[in-house]
Amino acid sequence: MKKMQDHGTAKRGVLLRAKNGDVIGFDDTGLRMNLSDSVIADIHRRLPVGQGDAAIDPAVLGDVDAWNLRQRGDWYVFSANLPGAQGPRQFRRAVKAEFDASAPDIIADTAGAVYGLLALGGTRRAVTAHEPMSFPYHVVTTGDDLGPAGAAGTEDVAATPVIQKLTEQTRDSLIGDEILRGRLADHRALPLIYARSETDSSACIGNLSQGAAFANFRQTVANLCDAARSLGKPAKVLSVGLDFTLEDVVSTAPDWTRGMHALMHQITDLFADHGLRKPLFTAIFDAGTADISDSPILRAQWDLAWNKGGHDHVYAAPGYMFAQDPFGRPTADARLQMAEMEASAIEARNSDAPWACPVLLLAEREDDASVIRCRGEALGDFVLDADDPLNAGDACGFRFEGDDKAAKIIDVRVDSRDRNDVLITCDRPPKGKGLMLCYALGHPASDDGMPANRGTLRDGFARNSATGTTLHRWALPAALPVH
């Protein structure tokens, strides 16, 4: 700031100008500066961090075990020992305006970017539960009182840079918990994770891309970027979950696949508008429910499993490995297991490490027409789990469709010479027009709390779940013409 004599004014005094030349006040006595409150606040924000910090009585935070409190721009920054925070850490809270009747939430003061875990989809993605918050100050959401499940298409999301703590858990916030839990165990930095999903009741993929959910998703992306800027940090998105299968009751399989590719293009363009990198898209391969085991949309997912269309898209797990309640929704344990698998996929792919579930690509007859070779690919050798934990039976989840000869599968094994091939032996050669080999698809209704579809084919990946079970990368469902 510098003083410049203004000879053009009738009143004696000095105009006060900033370095860029803007007039910011007038000194008519040489002793008094008439600076507006907004200018003072702006000057304070522009000061270097070290010069802007000022010691403050921790009582402004209320009855909190806090120390080393100082103000940094629009934030109080302090150390504290807060419940559920994994020990003493540094936190921040927005400075409460005099006209604001409610105190802003305390959040973790973290290094690096604000990481987004975003999702877009149908009504099943909006399921929430009142479950314990493992990292209540690190996993946050938009400060509009809608929570991490968003508006669910019932209202418009408002523009806001405000950040709030969670009051409930969604799959996205559980994924955030799992990412942080893994980082804590490895003594890595714990970032601030901004979790939010936007959904609506669209009946087809085309409507989803043009409806209320996408409009709110667009605003959520803007809110994430604004929230990061308010903290003086960049925004980065760890993943965008896409969850829209059984909700689509209109589209054909090709329409759904084209619609998903178009939706990913749309989101990629939106991210580019905000200076965000091309996103990682994640999903659970929907295997249906106890009584819905086949549909054109369920089958269409296989196309996305191998044809990414230039997008970074990954199926973290097949849905047949997760238990469901009587309404076809994942149980509490299954929700956590889904989050664990998605967190594993997200952390791997964002570390430039590979992640892919085994996928079956081709079915063809051997010289012995009663043997069908099913070719696939995986990150390791195929494994046919001898323990059959999902109760797939002797056929290991395989069955024929369109078989006029009613051939019975009598043996399934991994080829010893090609560990990504499965040899399926039948009691007679299966034949029929449009003969198909199906895996984990179209099975009879079940009553054991699991989806009707199931299988025993996986790779060597294993993760110990907090639910007490071992999680594997099971093969994705498929329906392959037999050549």
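The values are calculated or read from the model by the stated rules, or taken from the named source; none is laboratory data. Since the structure is predicted, the reported quantities are computational estimates derived from the model, not experimental observations. In this analysis, Cβ positions are derived from the backbone assuming ideal geometry, glycine residues included, and neighbour counts consider all displayed protein chains. Just the protein is used for accessible areas: all its heavy atoms, side chains included, with ligands, DNA and RNA removed. Shrake-Rupley method; radii C 1.70, N 1.55, O 1.52, S 1.80 Å.
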Hey, what's the per residue convex hull volume over the C-alpha atoms of the range 347-425, in cubic angstrom? 127 Å³
Quick one: what Rg and Dmax do you get for the range 70-160 from the alpha carbons, in Å? 15.3, 44
Whole-percent carbon and sulfur share, accessible surface of the range 214-264, 1.4 Å: 58 percent
Label points 7 Å out from Cα along the Cβ direction at ARG417 and ASP186: separation in nm? 4.0 nm
Debye intensity ratio in log₁₀ form over the Cα atoms of the range 327-483, taken at each q of 0.11, 0.14, 0.16 Å⁻¹: -0.47, -0.74, -0.94
Apply 1/(1 + (r/R0)^6) to the Cβ-Cβ distance of ASP448 and ALA129, taking R0 = 30 Å, and write down the FRET efficiency to the nearest 0.05. 0.85
So ALA332 and ALA369, fully extended at 0.36 nm per residue minus their Cα-Cα distance, gain in nm 8.7 nm
Against the empirical 2.2 N^0.38 Å scaling, what ratio does the C-alpha Rg of the range 233-273 come to? 1.45
Counting only DSSP beta bridges with both residues in the chain, what percent are antiparallel, rounded to the nearest 5? 70 percent
How far is helix 253-273 tilted, in degrees, relative to the longest principal axis of the Cα atoms in the chain, given as a value from 0 to 90 rounded to the nearest 10? 20 degrees
Run through all the Cα pairs of the range 277-417 and give the fraction in each 10 Å bin from 0, expressed as whole percent. 9, 33, 38, 17, 3, 0
Solvent-accessible area per residue, Å², over the chain with all protein chains present [probe radius 1.4 Å]: 45 Å²
Starting from the Cα coordinates of the range 402-445, work out the convex hull volume and express it per residue in Å³. 107 Å³
Cα convex hull volume per residue for the range 199-351 (Å³): 123 Å³
Output ordering of 105-111, 241-247 (per-residue mean of other Cβ within 10 Å, highest first) is 241-247, 105-111
Over the chain, the sum of -39500 (n - 2.57) across DSSP H runs of at least four, divided by residue number and rounded to 500 deg cm²/dmol, gives at 222 nm -7000 deg cm²/dmol
Coil-residue chymotrypsin sites (Phe, Trp or Tyr not before Pro) of the range 315-366, DSSP, other Cβ within 10 Å capped at 13: PHE327
Over every pair of different alpha-carbon atoms in the chain, take the mean of 1/r and invert it; report that Kirkwood radius in Å. 25.3 Å
DSSP beta bridges in the range 202-338 [antiparallel fraction, %, rounded to 5]: 10 percent
Evaluate the Kirkwood expression for the hydrodynamic radius of the range 119-272, namely the inverse of the mean inverse distance over all pairs of different C-alpha atoms, and round to one decimal in Å. 16.0 Å
Against the longest alpha carbon principal axis of the chain, how many degrees, from 0 to 90 and to the nearest 10, is the axis of helix 296-306 turned? 70 degrees
How large a share of the accessible area of the range 403-454, in percent, is made up of carbon and sulfur atoms when the probe is 1.4 Å and the other protein chains stay in place? 46 percent
Shape descriptors of the range 166-216 over alpha-carbon atoms, Rg and Dmax in angstrom, are 15.4, 45
In whole percent, and with a 1.4 Å probe on the protein chains, what portion of the accessible area of the range 119-160 is carbon and sulfur? 51 percent
Along Cα→Cβ, 7 Å out, is where each label goes; now give me the distance between the ones at ALA262 and THR467 in nm to one decimal. 3.6 nm
Once R0 is set to 35 Å, what does the formula 1/(1 + (r/R0)^6) return for the Cβ-Cβ distance between ASP291 and VAL95, expressed as a FRET efficiency to the nearest 0.05? 0.05
